[in-house]
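Here the structure is laid out as structure tokens; the discussion comes afterwards.
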Amino acid sequence: RSAQERLAFAEKITEYTAALAECEDYRSSVQKMLAAMGSFYQADRAYLFEPRADRRGHWYNSFEWCAVGVQPQREKLQDVPPEAVSRWMKIFEEGRSVILLNLDPVRDQNLTEWRTLTSQGIQRLIASPLRRGGRVVGFIGVDNPRTSIHDDTQVRVLGSFLLTQMRAERSEQRYKALLRENNDVLLGQLLVGQWMMSCSPRRDQDNTFLPDPVTRQMLAIPENLPPRACFARWMAGLDKEACQQLEEAFEQMFRTARAVRVVYRWNHPEKGPVLLRFSGILVANTAQTVRFRGYCSQADRTLGLKPKQKPNAPQRE
């Protein structure tokens with residue numbers, strides 16, 4: 001039986017590698033790994049836990065796979081206190097896995113841990129740490145495994161795969177954040193603002209307009225003004241013709257789900273009439289709200305001023 005399990009293990013490693021190569025995003029790869037791990041161990045659940053960024057020592061269940069007919073537990077495990085996993089952390093820091101075949105001894109060692117596990121219907125489990133630079137950055141495991149219950153090899157191998165995926169995901173997120181930051185700086189230097197507008201199908205009073213600092217300055221909106229008041233302030237500067245232009249533009253965004261650009265006149269409280277260029281697109285459409293997002297820039301800063309007369313060309317004698 002041991003030889004058969006090792007052969008199955010080797011075959012599974014090949015399957016994992018092929019499956020991960022086909023995954024296009026981080027979430028899909030994690031779910032595939034957990035499903036493969038849960039299936040191999042014939043477990044009720046397979047999961048990934050990560051530390052909460054806002055509460056030191058607390059953990060949350062970020063991903064979960066459940067066998068058919070098994071009740072999910074993820075929503076109940078979004079704030080696991082440190083005392084529930086204190087014994088595990090000592091084992092994880094030594095680079096070892098937690099293997100529980102019977103929960104009876106746990107009751108005397110850590111009552112909080114015992115209550116957390118029994119409340120989920122757990123009788124046995126295998127959990128292995130994810131370590132980076134000698135530090136525990138997460139752990140994965142299976143509940144109620146029915147095969148290879150003494151062997152954590154599968155969990156450890158999948159943990160190595162998962163660490164690679166997490167490292168790649170964090171690198172991509174850092175790159176995206178840096179790119180967004182650079183884009184924001186560039187747009188600010190070009191005097192191009194960003195905005196988001198939410199419309200309520202039921203009450204116009206719930207409409208909100210969320211401008212970035214560049215758009216706030218362009219529309220003379222005070223920094224501390226809340227989104228609903230920002231919407232009212234923006235609307236107050238529109239005349240009848242501009243209102244109709246914007247209504248048609250947002251209707252086209254809603255109907256086509258494509259980017260639409262409109263140039264309209266807005267009455268600035270200090271500068272007088274100015275031309276603004278709005279570009280936007282529909283980003284959400286639910287029963288509660290319709291949300292648009294886009295860019296804003298000033299099209300003409302000299303609107304209403306007469307163009308300067310060109311000096312007469314000197315006449316030849």
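Tabulated data for the structure shown
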{"item": "Modelled label reach - Met89, point 7 Å along Cα→Cβ, segment 96-120 residues with backbone N closer than 19 Å", "result": "96-99, 109-117"}
{"item": "Counting all C-alpha pairs of segment 223-293, share separated by more than 21 Å (%)", "result": "32 percent"}
{"item": "Spin-label pair Arg261/Arg107, simplified geometry with 7 Å Cα→Cβ offset, distance in nm", "result": "7.2 nm"}
{"item": "Gap separating the Cα centres of segment 102-135 and segment 203-242, nearest whole Å", "result": "53 Å"}
{"item": "Accessible surface, per residue, of segment 101-151 when the full set of protein chains is kept, probe 1.4 Å, Å²", "result": "48 Å²"}
{"item": "Computed magnitude of the charge dipole of segment 87-163 (debye, nearest 20; Cβ of K, R +1, Cβ of D, E -1)", "result": "200 debye"}
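The values are calculated or read from the model by the stated rules, or taken from the named source; none is laboratory data. Remember, predicted model here, so these are calculated numbers, not experimental data. A quick note on method: Cβ atoms are made from the backbone with ideal geometry, for glycine too, and the neighbour counts reach across all protein chains shown. Only protein heavy atoms, including side chains, enter the accessible area calculation; ligands, DNA and RNA are left aside. Shrake-Rupley method; radii C 1.70, N 1.55, O 1.52, S 1.80 Å.
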